[in-house]
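Comments concern the structure below.
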Amino acid sequence: MDYKLSRLLMWVGIDGGMVLLAASMCFKNEKLVAGLMIAAVAVFALGILQAFLFYKCPECGCRLLKCKGGIPENCPECGVYLKLEDKYEQEQKGNQENSDQQ
Ligand SMILES: [Zn+2]
């Protein structure tokens, strides 16, 4: 999996978990509350877990999870340029072709 997609899924997991947890507080039905809480924990855990597995430098494979505040500009281990987040959509269109166009 792509490290940018992995980061996106991590945030979806965190936000989704929060939303489910908040939603669980709106109900009185114990089974529903328990179900939503379990779902919240599962979504949250999956988001973090996949980030542990896939949120890595594409070059050297070091974990980027330890870098707070988004994708670091350069890999802390090998220094490869990483910050492509803003160009993500463009990159999807012209994938592999933009390495030396600046
Ligand atoms: Zn690296």
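Miscellaneous remarks
- Subset of the stretch 48-82 [surrounded by 13 or more Cβ atoms within 10 Å (Cβ to Cβ) and hydroxyl-bearing (Ser, Thr, Tyr)]: Tyr55
- Every residue from the stretch 18-64 that is in a loop (DSSP other than H, G, I, E, B) and within 16 Å of the ligand (Cβ to nearest atom): Tyr55, Cys57, Pro58, Glu59, Cys60, Gly61, Cys62, Leu64
- Taking the criterion of being in contact with a strand residue (DSSP E or B) (Cβ under 9 Å, 6 or more places away or on another chain) and aliphatic (A, V, I, L, M), the residues of the stretch 39-83 that qualify are Ala51, Leu64, Leu65, Val80, Leu82.
Where a number appears in this text, it was derived from the coordinates with a stated rule and is not lab data. All values reported here derive from a predicted model rather than from experimental measurement. Every residue, glycine among them, receives a Cβ derived from its backbone with ideal geometry; neighbour counts consider all protein chains shown.
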